[in-house]
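Beneath this line is the structure, given in structure tokens, with notes to follow.
The values are calculated or read from the model by the stated rules, or taken from the named source; none is laboratory data. As the structure is a prediction and not an experimental result, all values here were calculated from the model. Here the Cβ positions follow ideal geometry from the backbone for every residue, glycine too, while neighbour counts run over all protein chains shown.
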Amino acid sequence: MQPVSFGVLGVSGFFKKKIAIPTAKSSLIRWDGIASRSLERSQEAADTYGITNAYGSYEELLADETIKAVYIPLPNHVHAEWIKKAADAGKHILCEKPIALSANEAKEAVDYAESKGVKVMEAFMYRFHPQWQHVLELIRMREIGNVHLVQTFFGYNNADPGNIRNQSNKGGGALYDIGCYAVSVSRFLLQSEPQRVLSLVSEDDSFKTDVLSSGTLDFGGARAQFTVGTQVFPYQRVDVHGSSGVISIEIPFNTPADMPAKVIVTTSVGTREVQTEPTDQYICEFEALARAIREDTSVPTPPSDAINNMRVLDALFESARIGEWVFV
């Protein structure tokens, strides 16, 4: 299979650290362009990471007909805008989460992209790690009986006012940045949508972003609870509680690529630790999109999933505002 020519909008530290180096090893991905508002900055990144071309604007990259797909790791508040512009240029799209700042904005962007005949996928990389495929299989096998509760904690400590995660006008805050994972993983594991949500958020006086947010998602027969924070000790964990056991995912989201992932399964017969091989989930994510492009099949995480995730986030923000349950 021929590699897909990718370009990236922006010279983010995340792209350089997590994406550029590992995906360069893939036979399905070829980085042919990187764009910045500074040609000097994009050229430096291109030289460092072996990217074919550098551009001094996002528009210039999108105009390059040799590039077939773009990765959008830009600030949250411009995701929808650049999805549309990439679609206008006929590029397939992998956009970082959250795909937009509301469900309406997400649906508008997705509908627009699909009307242009391009594929669009939200970049929830964790779903491509084999540990999660195994956990979902265990649930389907009823290894822990009926699932009653998915509990998630995800936090880090970042008090830098210059960081976009702490800027409310750019879609910063805990719910948008990492709460989206807590919502996504509960929907993924329960394979359904919550009926209503209740949330409580605490804001930073200076940043005006939520820095500690908790939520309860009512799925009818099961529920999910989470807390996410941006000014807490870095830690993450997911526990799935069933009628006859518990599944615990040790590092659920930022799973290191160079070590086995650990899933702990506790049932009436004892506790066992299941390890999956070291896997770079970003390579898996990009290769999955590349195959969908080359084979002209549906993307593995459909854009409807991104819209549904945003509906839950919208409801969580509304619940925090009014202090009551909100139906999704």
In the set 155, 172, which member is part of a loop (DSSP other than H, G, I, E, B), of a type in the set (Gly, Ala, Ser) and under 17 Å from the mean Cα position of the chain (by Cα)? 172
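Here are some residues: 298, 244. Which one is surrounded by fewer than 18 Cβ atoms within 10 Å (Cβ to Cβ), of a type in the set (Ser, Thr, Tyr) and not assigned by TED's automatic domain parsing to the domain that holds residue 192? Even if it seems obvious, please write down each step before you answer.
Details: 244 fails: not assigned by TED's automatic domain parsing to the domain that holds residue 192.
Matching residue, one of 298, 244: 298.
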Taking region 175-187 and keeping only residues that are over 11 Å from the mean Cα position of the chain (by Cα) and closer than 14 Å to residue 103 by Cβ, one is left with 175, 187
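Among strands (runs of 3 or more DSSP E) lying entirely in region 220-286, which contain 3 or more residues that are more than 17 Å from the chain's Cα centre (by Cα) and in contact (Cβ under 8 Å) with a residue 40 or more places away in the chain?
Values: elements: 223-229, 231-242, 245-249, 261-267, 270-276.
Where strands (runs of 3 or more DSSP E) fall fully within region 220-286 and carry at least 3 residues being more than 17 Å from the chain's Cα centre (by Cα) and in contact (Cβ under 8 Å) with a residue 40 or more places away in the chain, they are 223-229, 231-242, 245-249, 261-267.
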Is there any pair linking a residue in region 160-181 that is among the basic types (Lys, Arg) to one that is surrounded by 22 or more Cβ atoms within 10 Å (Cβ to Cβ) and assigned to a loop (DSSP other than H, G, I, E, B), with Cβ under 6 Å and at least six apart or on different chains, and which? 165/172
Test of understanding: among 144, 178, which residue is in a helix (DSSP H, G or I), hydrophobic (A, V, I, L, M, F, W, C) and outside the structural domain of residue 80 (by TED's automatic domain parsing)? 178
Can you report the number of residues in region 8-28 which are under 18 Å from residue 85 (Cβ atoms) and either part of a helix (DSSP H, G or I) or in the same structural domain as residue 163 (by TED's automatic domain parsing) (or both)? 0
